[in-house]
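**Q** Sharing a structure below in structure tokens format, with a few things to ask.
The values are calculated or read from the model by the stated rules, or taken from the named source; none is laboratory data. Quick caveat: nothing in here was measured; it's all calculated off a predicted structure. Every residue, glycine as well, gets a Cβ built from its backbone with ideal geometry; the counts of neighbours run over all protein chains shown.
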Amino acid sequence: MSNATEEKSILAGIRVLDFGRYIAGPYCAALLGDLGADVIRIERLDGGEDRSILPVAAAGPGALFLAMNRNKRCLTLDPASTEGREIVKQLVARSDVVIANLPPDVLKNLSLDLESLQGIKPDIILTTTTAFGAGGPWSARHGFDGIGQAMSGAVHLSGTPEQPVKSSAHWVDFGTACLNAFGTLAALMARGKTGQGQKVETALLNTAIAFNNGMLIEEQVAETNRQAIGNRGYTSAPSDMFRTRDGWIMVACVGNPMFRRIARLLGEESWLTDPRFKDDAERGRHGEELSVRVAEWAAALTSTEALDALAGVQVPAAPVYSPRQALEDEHIQATGMMKDVDYPGLARPAPIATSPVSLSATPGTLRRRAPLLGEHTDEILRELGYGDADIAVLRERKVV
């Protein structure tokens, strides 16, 4: 990384220890790494269980690992061993943030709870995630993204009444990771003012409830008892997915001006005086009738023809892509949303999403690929003062 880039990295000089696994912890650490933090992933000697999810090589990492662990160095370590605990202490003493989406009892056993960490470095920041949050009967249970989706009411409102459907995109995990990064940055700002560290705590279910809060408010206040209606929108129409001659498109029509434009495009000016379609709420209630007409219109056109016509009247619409089509889309390519990164053992470069937040003065950067298992162990130990002979002994004892 060039000196100019280092100067622009807002988190340059901040060290993060990443004990996280899967998404909520690791993606938070990756976002901080994008902004210049020195992120050290602490991993078991035989590799974390998240290293091979969605495998993309016969003997190599998974796609999820490549995305979650960019801009990190990797230290393999047994943190429960006597020597491993000493290494953790030395790392904590030189760090600013510890990220660990681990259960509270595991944090305590590994001395990664806030009290233990602050005993080493009083101004340390601990960022943690649980499945269900503290204070309830499920607080000690484990969970993943789909569990949060299911309990928030979101799955019930997706698919059909006969078949609830969860999203294949891990929005609960990624939302929690973003909130972790948001909270960590806030804690760093607070530390700059007070000199004190603190714990940043999130939960998958908290994220899911927050993101689906509008539907929960509506249910309690208005008692709507909404049921799943496929891809149609609840609060506006026509908002749905429609089959064209050569694929599918998504249309999202919101607001009276937009509705007037699509009505005229379809030659349905009578809609504009129909009381069933007078506003978004009424159109949402009668969305099925509107979807039937738009489906008829779209079925006669190619996706490109339909999308061009909708763009011409400024109604938001997009093609429904397969992953391959998303990779090949000219807009996605032109905007640099992903960057091809080589990784040992891969047949082709991995398209790693760049930082989804753009800062004009202090931009995030993709400086290094995800690490090989233990790739930086010796380098990091030498930074702590261990000599080659010491490292050899630690390896012989399977500490690192």
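**Q** When the residues of the range 336-360 are filtered to those that are of a type in the set (Gly, Ala, Ser) and more than 20 Å from the chain's Cα centre (by Cα), which remaining residue is farthest from residue 373 (Cα to Cα)? Spell out how you get there, then give the answer.
**A** Step one: filter the range 336-360 for residues of a type in the set (Gly, Ala, Ser), giving 336, 345, 347, 350, 353, 355, 358, 360.
Next, from what is left, pick out any that are more than 20 Å from the chain's Cα centre (by Cα): 345, 347, 360.
Numbers: 345: 13, 347: 19, 360: 34 Å.
My answer is 360.
**Q** Any residue in the range 250-263 that is touching a residue at least 40 places away in the same chain (Cβ under 8 Å), of a type in the set (Phe, Trp, Tyr) and surrounded by 15 or more Cβ atoms within 10 Å (Cβ to Cβ)?
**A** no
**Q** Between a first residue in the range 186-209 that is acidic (Asp, Glu) and a second residue that is crowded, with 17+ Cβ neighbours inside 10 Å, which pairs have beta carbons less than 6 Å apart while being 6 or more apart in sequence or on different chains?
**A** If the second residue must be crowded, with 17+ Cβ neighbours inside 10 Å, the pairs left are 201/128.
**Q** Let me ask another. Can we say residue 131 is hydrophobic (A, V, I, L, M, F, W, C) and touching a His at 6+ places or on another chain (Cβ under 7 Å)?
**A** On the way: hydrophobic (A, V, I, L, M, F, W, C): yes; touching a His at 6+ places or on another chain (Cβ under 7 Å): yes.
When the stated conditions are applied, residue 131 passes them.
**Q** What are the pairs, 6+ residues apart or on separate chains, where a residue within the range 223-235 that is at negative phi has its Cβ under 6 Å from a residue that is surrounded by fewer than 12 Cβ atoms within 10 Å (Cβ to Cβ) and in a loop (DSSP other than H, G, I, E, B)?
**A** Listed pairs, sorted by first residue: 227/161; 228/161.
**Q** If you don't mind, another one. What residue, of 194, 176, is under 22 Å from the mean Cα position of the chain (by Cα) and of a type in the set (S, T, N, Q)? Let's see the steps before the verdict.
**A** On the way: 194 fails: under 22 Å from the mean Cα position of the chain (by Cα).
Result: 176 is the single residue among 194, 176 that is under 22 Å from the mean Cα position of the chain (by Cα) and of a type in the set (S, T, N, Q).
**Q** Residue by residue through the range 360-391, note down the ones that are surrounded by fewer than 12 Cβ atoms within 10 Å (Cβ to Cβ) and more than 30 Å from residue 84 (Cβ to Cβ).
**A** Answer for the range 360-391, where residues must be surrounded by fewer than 12 Cβ atoms within 10 Å (Cβ to Cβ) and more than 30 Å from residue 84 (Cβ to Cβ): 360, 361.
**Q** Please work out if residue 320 is closer than 19 Å to residue 252 by Cα and touching a residue at least 60 places away in the same chain (Cβ under 8 Å).
**A** Numbers: closer than 19 Å to residue 252 by Cα: yes; touching a residue at least 60 places away in the same chain (Cβ under 8 Å): yes.
Yes; evaluated as a whole, the condition is true for this residue.
**Q** So, one more: Right, residue 166: in the same structural domain as residue 25 (by TED's automatic domain parsing), within 24 Å of residue 37 (Cα to Cα) and either in contact with a helix residue (DSSP H, G or I) (Cβ under 8 Å, 6 or more places away or on another chain) or among the polar types (S, T, N, Q) (or both) or not? Outline the logic, then answer.
**A** Working: in the same structural domain as residue 25 (by TED's automatic domain parsing): yes; within 24 Å of residue 37 (Cα to Cα): no; either in contact with a helix residue (DSSP H, G or I) (Cβ under 8 Å, 6 or more places away or on another chain) or among the polar types (S, T, N, Q) (or both): yes.
In short, no.
**Q** Being among the aliphatic types (A, V, I, L, M) and either surrounded by fewer than 19 Cβ atoms within 10 Å (Cβ to Cβ) or in contact with a Phe, Trp or Tyr (Cβ under 8 Å, 6 or more places away or on another chain) (or both) is the filter here; which residues of the range 25-66 pass it?
**A** Applying the first criterion (among the aliphatic types (A, V, I, L, M)) to the range 25-66 yields 29-32, 35, 37, 39-40, 42, 45, 53-54, 56-59, 63-64, 66.
Within the range 25-66, 42, 45, 53, 54, 56, 57, 58, 59, 63, 64, 66 qualify.
**Q** Please enumerate the residues belonging to the range 263-290 that are more than 19 Å from residue 227 (Cα to Cα) and either within 34 Å of the chain's Cα centre (by Cα) or part of a loop (DSSP other than H, G, I, E, B) (or both). Step through it out loud before you land on a result.
**A** Start the filter on the range 263-290 by keeping residues that are more than 19 Å from residue 227 (Cα to Cα), which leaves 263-279.
Of everything in the range 263-290, those that are more than 19 Å from residue 227 (Cα to Cα) and either within 34 Å of the chain's Cα centre (by Cα) or part of a loop (DSSP other than H, G, I, E, B) (or both) turn out to be 266, 267, 268, 274, 278, 279.
**Q** From the set of residues in the range 297-335 that are among the polar types (S, T, N, Q) and loosely packed, with under 15 Cβ neighbours inside 10 Å, which is farthest from the chain's Cα centre (by Cα)? Talk me through it step by step, then tell me what you get.
**A** To start, the set of residues in the range 297-335 that are among the polar types (S, T, N, Q) comprises 302-304, 314, 322, 325, 333, 335.
Imposing the further condition that a residue be loosely packed, with under 15 Cβ neighbours inside 10 Å reduces the set to 302, 304, 314, 322, 325, 333, 335.
Numbers: 302: 33, 304: 30, 314: 30, 322: 20, 325: 21, 333: 20, 335: 20 Å.
Looking at the filtered set, the residue picked out is 302.
**Q** Looking at the range 323-367, which of its residues are under 25 Å from residue 57 (Cβ atoms), touching a residue at least 40 places away in the same chain (Cβ under 8 Å) and not hydroxyl-bearing (Ser, Thr, Tyr)?
**A** Residues satisfying the conditions are 341, 344, 345, 346, 347, 350, 352, 353, 366, 367.
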